[in-house]
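Q: Just passing along the structure, written as structure tokens.
Please treat every number below as a calculation from the coordinates, not as lab data. These numbers were taken from a predicted model, which means no experiment stands behind them. All Cβ positions, even for glycine, are placed from backbone atoms using ideal geometry, and neighbour counts span all protein chains on display.
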Amino acid sequence: MGLLDPVPPPYDVEAWLEQPIRPKSQAVCRAWALQGYGTPPAIFVAYVLKVALYVGLWLLFCSFTPELGGPTTVATWWLKPVAFQKAIVASMLFEVLGLGCGSGPLTGRYFPPFGGLLHFLRPGTTKLPLFVGAPLIGGTRRTAIDALLYLGLLVALVRVGVASQLDPSLFYPIALLVPVLGLLDKTIFLAARSEHYWVTIVVFAVASDWLPGAKVIQAALWSWAGVSKLNHHFPSVVCVMTSNSPALRFEALRRRMYVDYPNDLTPSRLAVVMSHMGTALELGVPIVLVLGSGGTITKVGLVMMLMLHGYITSNVPMGVPIEWNVMVVYAAFFLFGAEADVALSGLFATPALAAFVLTFAVVLPLAGNLWPERISFLLSMRYYAGNWPYSVWLFRGSAYEKLDRLKKSSPFVYDQLASFYDPTTTKGIVGKVIAFRLMHLAGRALTELVPRAVDDPRDYEWLDGELVAGLALGWNFGDGHLHDERLLKAIQEQCAFEPGELRCIFVESQPLFRSTLAYRIADAATGELARGEVSVADLRRRQPWAFAQKSS
């Protein structure tokens, strides 16, 4: 097998493509359990190089500040406040360019491997305004003004990066442009990882003593990520991540993640215990670090933090937010190590800023957990939990070719892969995404919903909404709200699918303290066909291939 060759699935792909949905999904889920995505080895090297590029950008920005010095002396200055500020700015720039989360083959981006500026700088591309249809700001096609404002944000970020000294006024343009861009296209607001970087930059701009605010934001990231795992979804995430891990390539371990491979692919007791340990660790890290004051407690908290993010990073989670994990580790050492004596209560010295920070650190995450249909999972800080909104787009026959009517930064996923593989291999690679979705707890709802959406899935091209968002919006990162009815309407206006040519299934996250998942089924041309709820308890007892007899 060559460096760019995926691990071949243990079945004939051509024959697999013609199978009914039940045996087809069973085969691909069993393959995922032992092979994961089957990612070529060279891809992981590419992601390592991408992290090096990210760190290099930070080092470059730091080199413009005389008090920091160069890479050879980094050990003497990496924990200085200005170095942290430049790390936040470099991180936002890297993300909003499209180089971070949602880039590369593990997110369905093969060639080009990123969207971002290739999409956001092109008038005529599709966007998702906050208020669809509103005068001046509600259009779903990018204008020259949109592109110029985005370019302005890039310039503002670089301006801070190359500054020799950081004055609060340097952060004003960034603090203003990010929400304006979010009003015009929420995709850019999310791509900038605004729930973390933008809120922190606003703190830089407003407070002379910005350390308490930055610490509150960082503690909130860990805390809400832990809260989001207080459900039955996370054990499935542990299974899927372990099966796909480049570091844990042990067949015996992967088999043990499931109750009875290959017959029962529900999470085993081992997977459940691992998930509980991970949740406890994620909830424990901010508590220990906040209580620490630079002594033994702080050291224990930093070790716990390294264990948490080391495990996440080594598994190379789908969506590959590796740079974000690097930033979080760095932030922990700076905010809770070097600045351990700074109290979070100092935030309340500026009441207006405290209200702003707590809105993003407490109010929005709480609301997003209680009413997930209203708020992005990123603003809710529900990371890695498996409890995400998602969608599946079913194109009848070759109807997906109508997507070529969109102005976009990359060709259809099959056309991207055609530069590297033959059509059969391409179909096999994209088909693995079906397993990724079905093997998560929420994905098992599809065994009930796909037969309701279409008569025979063999007549349809199954495309995950993540891939559609990446194609149509220039960015994707696990947020099903980017590829729900709003994107469907924007695409339908440009592509004009006939009735029955495109059916979509939209599944929402499980709300905190509730036991069901809401869903909708829609036809691109005729509108909503059905809606309802699925019991999570029923999904826990269901195999990922348990499709209704109608479709098998």
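Q: If a residue must be among the aliphatic types (A, V, I, L, M) and free of Cβ contacts under 8 Å to residues at least 24 places away in the same chain, how many such residues does segment 127-144 contain?
A: 3
One line per residue, one yes/no per condition, for (1) within 30 Å of TRP475 (Cα to Cα); (2) among the β-branched types (Val, Ile, Thr); (3) touching a His at 6+ places or on another chain (Cβ under 7 Å):
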site: ALA271; (1), (2), (3): no, no, no
site: LEU291; (1), (2), (3): no, no, no
site: ILE297; (1), (2), (3): no, yes, no
site: MET305; (1), (2), (3): yes, no, no
site: ILE312; (1), (2), (3): yes, yes, no
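Q: Any idea which residue in segment 72-109 is nearest to ALA214 (Cα to Cα), counting only those that are among the charged types (D, E, K, R) and surrounded by 23 or more Cβ atoms within 10 Å (Cβ to Cβ)?
A: So, considering only residues that are among the charged types (D, E, K, R) and surrounded by 23 or more Cβ atoms within 10 Å (Cβ to Cβ), the one nearest to ALA214 (Cα to Cα) is LYS86.
Q: When only residues in segment 237-250 that are over 17 Å from the mean Cα position of the chain (by Cα) and under 13 Å from HIS440 (Cβ atoms) count, which is surrounded by the fewest Cβ atoms within 10 Å (Cβ to Cβ)?
A: Only one residue tops the list, namely SER243.
Q: Is there a residue in segment 394-403 that is touching a residue at least 24 places away in the same chain (Cβ under 8 Å), of a type outside the set (D, E, K, R) and in a strand (DSSP E or B)?
A: Yes.
Q: Any residue at all in segment 156-167 that's within 21 Å of the chain's Cα centre (by Cα), in contact (Cβ under 8 Å) with a residue 60 or more places away in the chain and either under 30 Å from GLY431 (Cα atoms) or not in a helix (DSSP H, G or I) (or both)?
A: no
Q: Shifting gears a bit: Could you check how many residues of segment 458-484 are surrounded by 22 or more Cβ atoms within 10 Å (Cβ to Cβ), in a helix (DSSP H, G or I) and in contact with a strand residue (DSSP E or B) (Cβ under 8 Å, 6 or more places away or on another chain)?
A: Summing the residues that are surrounded by 22 or more Cβ atoms within 10 Å (Cβ to Cβ), in a helix (DSSP H, G or I) and in contact with a strand residue (DSSP E or B) (Cβ under 8 Å, 6 or more places away or on another chain) in segment 458-484 gives 7.
Q: Output the number of the condition that LYS86 fails; it satisfies all remaining conditions of (1) closer than 27 Å to VAL316 by Cβ; (2) assigned to a loop (DSSP other than H, G, I, E, B); (3) basic (Lys, Arg).
A: Failing condition for LYS86: (2).
Q: Turning to a different aspect of this structure: Looking at segment 437-458 only, could you name the residues that are among the small types (Gly, Ala, Ser) and either more than 13 Å from PHE506 (Cα to Cα) or in contact with a Lys or Arg (Cβ under 6 Å, 6 or more places away or on another chain) (or both)?
A: GLY443, ALA453
Q: Another question about this same structure. For segment 94-150, name all the residues that are hydroxyl-bearing (Ser, Thr, Tyr) and either part of a loop (DSSP other than H, G, I, E, B) or more than 13 Å from THR187 (Cβ to Cβ) (or both).
A: SER103, THR107, TYR110, THR125, THR140, THR143
Q: For the subset of segment 498-552 comprising residues that are among the polar types (S, T, N, Q) and assigned to a loop (DSSP other than H, G, I, E, B), which member is farthest from HIS440 (Cα to Cα)?
A: For segment 498-552, the residue satisfying everything is THR526.
Q: Just one of (1) crowded, with 23+ Cβ neighbours inside 10 Å; (2) touching a residue at least 40 places away in the same chain (Cβ under 8 Å); (3) touching a strand residue (DSSP E or B) at 6+ places or on another chain (Cβ under 7 Å) trips up ALA524, so point out which.
A: (2)
Q: Sort through LEU289, LEU281, LEU302 and tell me the only one that's touching a residue at least 60 places away in the same chain (Cβ under 8 Å) and either within 17 Å of LEU335 (Cβ to Cβ) or surrounded by fewer than 20 Cβ atoms within 10 Å (Cβ to Cβ) (or both).
A: LEU289
Q: Could you list, in sequence order, all residues of segment 292-327 that are aliphatic (A, V, I, L, M), within 17 Å of the chain's Cα centre (by Cα) and under 15 Å from LEU281 (Cα atoms)?
A: Result: ILE312, single match.
Q: I would also like to ask the following. Can you name every residue in segment 404-413 that is surrounded by fewer than 17 Cβ atoms within 10 Å (Cβ to Cβ) and assigned to a helix (DSSP H, G or I)?
A: Answer for segment 404-413, where residues must be surrounded by fewer than 17 Cβ atoms within 10 Å (Cβ to Cβ) and assigned to a helix (DSSP H, G or I): ASP404, ARG405.
Q: Okay, next question. Looking for whichever is of a type in the set (Gly, Ala, Ser) and touching a Ser or Thr at 6+ places or on another chain (Cβ under 9 Å) here; the options are SER194, SER245. Which one fits?
A: SER245
Q: Looking at this structure, is PRO123 under 22 Å from ARG486 (Cβ atoms) and out of contact with any helix residue (DSSP H, G or I) (no Cβ under 8 Å at 6 or more places or on another chain)?
A: No, not satisfied.
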